[in-house]
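The values are calculated or read from the model by the stated rules, or taken from the named source; none is laboratory data. Please read all numbers here as calculations on a predicted model, not as lab measurements. Ideal geometry is used to build each Cβ from the backbone, glycine not excepted, and the neighbour counts take in all protein chains shown. Protein only, heavy atoms only, side chains kept; ligands, DNA and RNA dropped before computing areas. Shrake-Rupley method; radii C 1.70, N 1.55, O 1.52, S 1.80 Å.
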Protein chains: 2
Amino acid sequence: MAAAAAAVQAQADAVRRLKQEQAEPDEIAKEVAKLLEMKAQLGDEGKSKFVLKTPKGTRDYSPKQMAIRERVFNAIITCFKRHGAEVIDTPVFELKETLTGKYGEDSKLIYDLKDQGGELLSLRYDLTVPFARYLAMNKITNIKRYHIAKVYRRDNPAMTRGRYREFYQCDFDIAGHFDPMIPDAECLKIAHEILSELQLGDFLIKVNDRRILDGMFAVCGVPDSKFRTICSSVDKLDKMPWEDVRSEMLGEKGLSPEAANRIGEYVQLHGGLELIEQLLQDPKLSQNQLAKEGLGDMKLLFEYLTLFGITGKISFDLSLARGLDYYTGVIFEAVLVQQENNHEEEPVSVGSVAGGGRYDGLVGMFDPKGRRVPCVGVSIGIERIFSIMEQKVEASAEKIRTTETQVLVASAQKKLLEERLKLISELWDAGIKAEMLYKKNPKLLNQLQYCEDTGIPLVAIVGEQELKDGVVKLRVVATREEVDVRRESLVEEIKTRTSPS
Amino acid sequence: MAAAAAAVQAQADAVRRLKQEQAEPDEIAKEVAKLLEMKAQLGDEGKSKFVLKTPKGTRDYSPKQMAIRERVFNAIITCFKRHGAEVIDTPVFELKETLTGKYGEDSKLIYDLKDQGGELLSLRYDLTVPFARYLAMNKITNIKRYHIAKVYRRDNPAMTRGRYREFYQCDFDIAGHFDPMIPDAECLKIAHEILSELQLGDFLIKVNDRRILDGMFAVCGVPDSKFRTICSSVDKLDKMPWEDVRSEMLGEKGLSPEAANRIGEYVQLHGGLELIEQLLQDPKLSQNQLAKEGLGDMKLLFEYLTLFGITGKISFDLSLARGLDYYTGVIFEAVLVQQENNHEEEPVSVGSVAGGGRYDGLVGMFDPKGRRVPCVGVSIGIERIFSIMEQKVEASAEKIRTTETQVLVASAQKKLLEERLKLISELWDAGIKAEMLYKKNPKLLNQLQYCEDTGIPLVAIVGEQELKDGVVKLRVVATREEVDVRRESLVEEIKTRTSPS
């Protein structure tokens, strides 16, 4: 409305100006063109008052989408519980200052709430910072928990590729002082189990360590002050070729060509235990204390992963950097890979579906006395997985039921609403999942059609004769078989016929 | 920080003033007192930069609270599914204009997001308006769905009584053109089932109809323009005595004493079918078309509720009004009642735990062509129920497990980390819920203690001898019984011993 008022004002101003200045004809033509453009820009705003949509970057879930979503959640929750995790929940918003200084460059993507008096609030950006706040606030030094909830980022949405502004994260984290790499290995095992279970196709989990990266930067001659910003350039290697990343390092970031070239050699490396051994012998890297620590732990990690039998899908990759500031040790990211069978090229990555790492300093940032609680965690990115699952279901002929209804209570004649209400009430009270049409006198055909449409397997039909005989006619929708069942046996009969075989 | 700077400035000003004015000693004393008061008000703000808390009116859920919460959710979801509902989800925020004009006086409690460029957004206030928006947007004219999600109200929190600014609503709604009162009766049946199932103590479901209220206002001589505001006065009768509500009607709302007195007579009435019959004969009310319609439907509703066998806990109550603007027909509210056994007084209400009603106009407000989709729904208020359940668990000796772990993989000797990792990996891969301590060489006592603390029923102990013999020692924590189980039978043995009997 403000825009419309401004346009009207502009129009009036223009007319006045034209009159006052006794403008030249082409001046007039210009003004008219300007006004027409303005009118076009206003477009529908003037006409319809209201746009019927969800906010940018968000979506509703239909019942069918929810059915798929719940399958994915179930697989993930089952895995988290298998690993003995408790569950917590935190508010959707936090004090603004709780989020301040935790996300580096990404902080600009945080949604703030309007100042309506009282506290300044922001929507959570991830589940990790609220978890660290929760630990510090409750002085918890030892917990293994999962948390599945929506987080919010004012990012550029790409909804067809599963990138939203409101999206679920499924996080599993282990907090506490433990012996090295045992919890870290479990997080990777969990990512491996979930991605295998969901059958999304082939995947690869890239692993690195912030200490190895920092040591590498040091031996390559990157000044201390540029570690984080060069790290964020390296992080772009999954989307940009090395040449472009190198240009960014030299130009925007002001790194020397020699340092960049040395980094270029390291970040091409990926492999397994062998590569770790090789780098432990690397004349430069092995002299750096941080890198040595990181490589030592990486070796231990790969030994544990070997015991878990999952090294086949895990790659130690020096180009993996991860964007977030709070990581301090192991970092990892799982990507789905498309095998290009016709070529002998390397697998093509089609996007990250899980990630995580160690963040030993975050809880200490919240603790008044700075007490540290070491943490490591894995976060499953459900939206991309969900997109893939949805496409798979779409492609298959699978018909997804969106309810669990076992029986429809129906009638073949008129004036039996009361009898249907009595029967359905009995069934509900006995725990049977039952529906009826909300019509006084529905046609039998419509009732049967409803079962076909929604996948209800049984129909319990009441009629004059059945009422006299003390029975209910039970019809199996799939086979059209009909049997008279004594009313007192109906609940048992429905349970038997609908129990999973 | 702004407050601190202002105080410093004020202090400097005061000192300057004192110097300039060569003030009297009691002037000085006053200024000093003022400054001290200011300092006290500032309190800790000057010192610590950061407050470790959740936003006002919100809370975290600990694992123990989550365990209770999931029980409540399970009972509710089971009931919703028993009635054949699908499930949907919508974003946590909506376009601001989607919520505008739907909540009457309560609109001031809506949380707005900060204008960061782009759309103006608000956090959802309930699940009903997003549901109506969803129906209009997707042109759905027929659905039975549930939705369980958090909603947001900048209300005055009373957290000990279960009133929060972020809280769950569990909504079940039926949308579509159906024969009268059949879906309405089912919503009441659902409220009845859930409150019975949760065993929260005695409850009462009050029922009324907006049309009866409006008809009553008309025959009492309330001017049309005052219907909504007088309705919101009546809505306060559950918290205020009639005399106070009457004063509000006469003073603030400007109603005539005669009209108020007539209302006063009606709103005292509550009962069942008999009262409905009586009011259908009421010389004034029976002349009002709206009231007649409402009473006719109320009669039908009670006939259906009689078939469901639940009229014992349902009261037709003319004082029930409900705050929200969008109701158009039947309204209801469920309250828990404390039976004061020693007195012969009426049951005392301890608060609303569910509510709902019919809103036939809401979807039409969103539809570009104003097409109506009649709706009726019930909303379960989980927070108060959760508070009561929590107190009940607290009062009982029940020990709540927060994980489902079946077995702890332990070792009795040192240097068996690798063997533990191998065994636990086998168990995970076989679907067993298993944990281990994240120590290289944990003491057996600590491992057993962990099982006691967390309720893990079994311990699988690996030792040198067991490894040689190809067995694992399985210990039952409760009985301390120990048996050697062949490694290849371990999974089966654990499953058998932990399957629910």
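For an R0 of 45 angstrom, estimate the FRET efficiency from the Cβ-Cβ distance between B:Ser256 and B:Lys53 and round to the nearest 0.05. Taking R0 as 45 Å, the efficiency between B:Ser256 and B:Lys53 is 0.35.
The rotation axis that maps chain B onto chain A passes nearest to the beta carbon of this chain B residue, listed with its distance in whole angstrom: B:Lys114, 2.
Counting Lys and Arg as +1 and Asp and Glu as -1 over every other residue whose Cβ lies under 9 Å from the Cβ of A:Glu404, the net charge comes to +4. In this assembly of identical copies, the label point of A:Gln116 (Cα plus 7 Å along Cα-to-Cβ) is separated from its counterparts by 1.8 nm, sorted shortest first.
Fully extending the segment from B:Lys81 to B:Glu452 would add 129.9 nm, taking 0.36 nm per residue of separation and subtracting the current Cα-Cα distance. Under 1.5 on a/c is rounded, so check that first for segment B:311-463, then, if it is not, pick prolate when a/b is larger than b/c and oblate when it is not; a ≥ b ≥ c are the square roots of the alpha carbon gyration tensor eigenvalues. It is oblate, given that a/c is not under 1.5 and a/b is not larger than b/c. Comparing each chain alone with all protein chains together (probe 1.4 Å, DNA, RNA and ligands left out), the residues of segment B:162-211 losing at least 50 Å² of accessible area are B:Asp179, B:Ile182. Distances between copies of B:Lys236, taken at a point 7 Å out from Cα along the Cα→Cβ vector and listed shortest first: 6.2 nm. Solvent exposure of A:Asp235, expressed as accessible area, is near 40 Å², computed with a probe of 1.4 Å over the protein chains only. The alpha-carbon of A:Lys414 sits under 20 angstrom from the alpha-carbons of these lysines, leaving out residues fewer than 8 places away in its chain: A:Lys422, A:Lys439, A:Lys440, A:Lys443, A:Lys468, A:Lys473.
Overall, the accessible surface of segment A:201-305 at a probe of 1.4 angstrom is composed of carbon and sulfur to the extent of 49 percent.
Taking R0 as 51 Å, what FRET efficiency do you get between B:Glu105 and A:Lys414 from their Cβ-Cβ distance, rounded to the nearest 0.05? Walk me through the numbers on the way to the answer.
Working: r = 47 Å, r/R0 = 0.92.
Once the sixth-power term is evaluated, E becomes 0.65.
Taking a straight Cα-Cα cut-off under 20 Å and skipping sequence neighbours fewer than 8 places away in the same chain, the aspartates and glutamates within cross-link reach of A:Lys369 are A:Glu97, A:Asp360, B:Asp44, B:Glu45. Model label sites at B:Asp224 and A:Glu492, defined 7 Å from Cα along the beta-carbon direction, differ in position by 6.3 nm. Model label sites at B:Glu404 and B:Val476, defined 7 Å from Cα along the beta-carbon direction, differ in position by 2.3 nm.
Given N residues in segment A:167-294, what is its alpha carbon radius of gyration divided by 2.2 N^0.38 Å? Taking N as the residue count of segment A:167-294, the ratio is 1.21.
Each peptide in B:488-496, B:226-234 receives the mean, over its residues, of other Cβ atoms within 10 Å, and ordering these scores from highest gives B:226-234, B:488-496.
So what's the convex hull volume per residue for the Cα atoms of chain A, in Å³?
Details: hull volume 144.3 nm³, N = 501.
Each residue corresponds to 288 Å³ of Cα convex hull volume.
For A:Pro257, the distances from its label point to the matching points in the remaining copies are 9.9 nm, ordered from shortest, with each point set 7 Å beyond Cα toward Cβ.
When you count the other C-beta atoms within 10 angstrom of each residue and take the mean per peptide, A:290-297, B:307-314, B:461-468 line up highest first as A:290-297, B:307-314, B:461-468. Taking a ≥ b ≥ c as the square roots of the eigenvalues of the Cα gyration tensor, segment A:58-109 is oblate, since a/c reaches 1.5 or more and a/b is not larger than b/c. Checking the a/c ratio against 1.5 first, then a/b against b/c, what shape does the Cα gyration tensor give for the protein assembly as shown? Oblate is the answer for the protein assembly as shown, as a/c is 1.5 or above yet b/c matches or exceeds a/b.
Solvent exposure of the protein assembly as shown amounts to 46 Å² per residue of accessible area, where only protein heavy atoms count and the probe is 1.4 Å. Working from the Cα coordinates of segment B:361-449, the gyration tensor eigenvalues give, after taking √(5λ), semi-axes of 53, 23, 9 Å in decreasing order.
Before we go on, tell me the buried accessible area for the B/A pair, both chains summed, 1.4 Å probe, in Å² to the nearest 100. Each step should come with its number before you reach the end.
Details: alone 27170 and 27210 Å², together 46140 Å².
Interface between B and A: roughly 8200 Å².
Listed cross-link partners B:Lys102/B:Lys139; A:Lys64/B:Lys433; B:Lys253/B:Lys292 are compared with a 23 Å cut-off, the Cα-Cα value being larger for A:Lys64/B:Lys433; B:Lys253/B:Lys292.
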